Amino acid sequence: MSDIVLVTGFGPFQDHKVNASWEAVKLLPANVDGMDIVIQEIPVVYDHVESKVPSLWKEYNPNLVIHVGVSSLAEKLTIETCAYRDGYIKGDCTDTCHSTGTASCEGDACIFTGIDVRDISDKLNHSGKILTCVSQEAGRYLCEFTYYTSLNINPSRTLFVHVPPLEKPYTASELADGILEVIKLALKQLRKDDGKSLRLDAAS
């Protein structure tokens, strides 16, 4: 199997009839730095996330996972540093609340990504390609629920990026370019030496 970067975006929900996250993700190229980019659209449904996200890790054993979601509060690419296990009380796009309000029956109360988010944000801001910021509050909805699910599988290989709605101020193409830069910088961090594979068992 090829080395893989898995990138997900979300489907429609609430006022986001066209979800900027998926519109951007589906414009990503098929590969980056010699790795295949696999994209997946995830419905804004708790049950689907609970089953689909772990199955994607198992199927692809990805070198890097980037979940992308939209936030009406975002004005720039917002890279999330952590996710919390509890507090998911809002209904999903089917108006269904999670049965326990907890992203996992096991795991730390809060899990931080092992990737240096601040370094990625600083480098992107200095590049002038797109503005970014760092956040420690991913919203306690399907975005953070998804992030926690992946962090609980492998925090060293997982990131979450919130994008603003389309044209506020970025186009889908500009958001895709920004996400691609995040991927490249994350892969650079993970690459311990030139030519060394980033393959790492998802469960480790």
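How many residues does the range 53-96 hold that are buried (at least 18 other Cβ atoms within 10 Å of the Cβ), among the acidic types (Asp, Glu) and part of a strand (DSSP E or B)?
Number satisfying all stated conditions: 1.
Does THR100 count as modelled with pLDDT of 95 or more and outside any strand (DSSP E or B)? First the steps, then the outcome.
Working: modelled with pLDDT of 95 or more: yes; outside any strand (DSSP E or B): yes.
So THR100 passes the test.
Restricting to the range 1-10, count the residues that are of a type outside the set (S, T, N, Q) and under 14 Å from the mean Cα position of the chain (by Cα). If you could, list the steps in order and put the result at the bottom.
If we filter the range 1-10 for residues that are of a type outside the set (S, T, N, Q), which is where we start, we get 1, 3-7, 9-10.
Restricting the remaining residues to those that are under 14 Å from the mean Cα position of the chain (by Cα) gives 5-7, 9-10.
Number satisfying all stated conditions: 5.
Taking GLU75 as meeting all but one of (1) at pLDDT 95 or above; (2) of a type outside the set (Gly, Ala, Ser); (3) over 15 Å from the mean Cα position of the chain (by Cα), write down the number of the exception.
Just one mismatch for GLU75, condition (1).
Go through the range 108-130 and report how many residues are modelled with pLDDT of 95 or more and assigned to a loop (DSSP other than H, G, I, E, B).
6
Here are some residues: LEU6, LEU27. Which one is assigned to a loop (DSSP other than H, G, I, E, B), touching a helix residue (DSSP H, G or I) at 6+ places or on another chain (Cβ under 8 Å) and closer than 16 Å to ILE66 by Cβ?
Numbers: LEU6 fails: assigned to a loop (DSSP other than H, G, I, E, B).
Criteria check complete, one pass: LEU27.
Restricting the range 1-41 to residues that are in contact (Cβ under 8 Å) with a residue 40 or more places away in the chain and among the polar types (S, T, N, Q), which is farthest from LEU73 (Cα to Cα)?
THR8
Condition check: assigned to a strand (DSSP E or B) and touching a residue at least 40 places away in the same chain (Cβ under 8 Å). Does VAL44 satisfy that?
Details: assigned to a strand (DSSP E or B): no; touching a residue at least 40 places away in the same chain (Cβ under 8 Å): yes.
The answer is no for VAL44.
Please state which of the following conditions TRP22 fails to meet, knowing it meets all the rest: (1) under 13 Å from the mean Cα position of the chain (by Cα); (2) within 16 Å of THR158 (Cβ to Cβ).
Checking TRP22 against (1) under 13 Å from the mean Cα position of the chain (by Cα); (2) within 16 Å of THR158 (Cβ to Cβ), the one that fails is (2).
Could you list all residues from the range 25-40 that are closer than 22 Å to LEU166 by Cα and either among the hydrophobic types (A, V, I, L, M, F, W, C) or over 17 Å from the mean Cα position of the chain (by Cα) (or both)? Spell out the reasoning first.
So in the range 25-40, the residues closer than 22 Å to LEU166 by Cα come out as 25-29, 39-40.
Matches in the range 25-40: VAL25, LEU27, LEU28, ILE39.
Which members of the range 26-52 meet the condition of being in contact with a Ser or Thr (Cβ under 9 Å, 6 or more places away or on another chain) and buried (at least 20 other Cβ atoms within 10 Å of the Cβ)?
Within the range 26-52, ILE42, VAL44, TYR46, VAL49 qualify.
Which condition from (1) modelled with pLDDT of 95 or more; (2) within 17 Å of GLY178 (Cβ to Cβ); (3) touching a Lys or Arg at 6+ places or on another chain (Cβ under 9 Å) is the one that HIS67 breaks?
(3) is the only condition that HIS67 fails.
Return the residue satisfying two criteria in turn: it lies in the range 80-107 and is free of Cβ contacts under 8 Å to residues at least 40 places away in the same chain and of a type in the set (Asp, Glu), and of such residues it is nearest to ALA138 (Cα to Cα).
By that ranking, first place goes to ASP86.
The values are calculated or read from the model by the stated rules, or taken from the named source; none is laboratory data. In this text the structure is predicted, and so the values were computed from the model without any measurement. We place every Cβ from the backbone using ideal geometry, glycine too, and count neighbours over all the protein chains shown.
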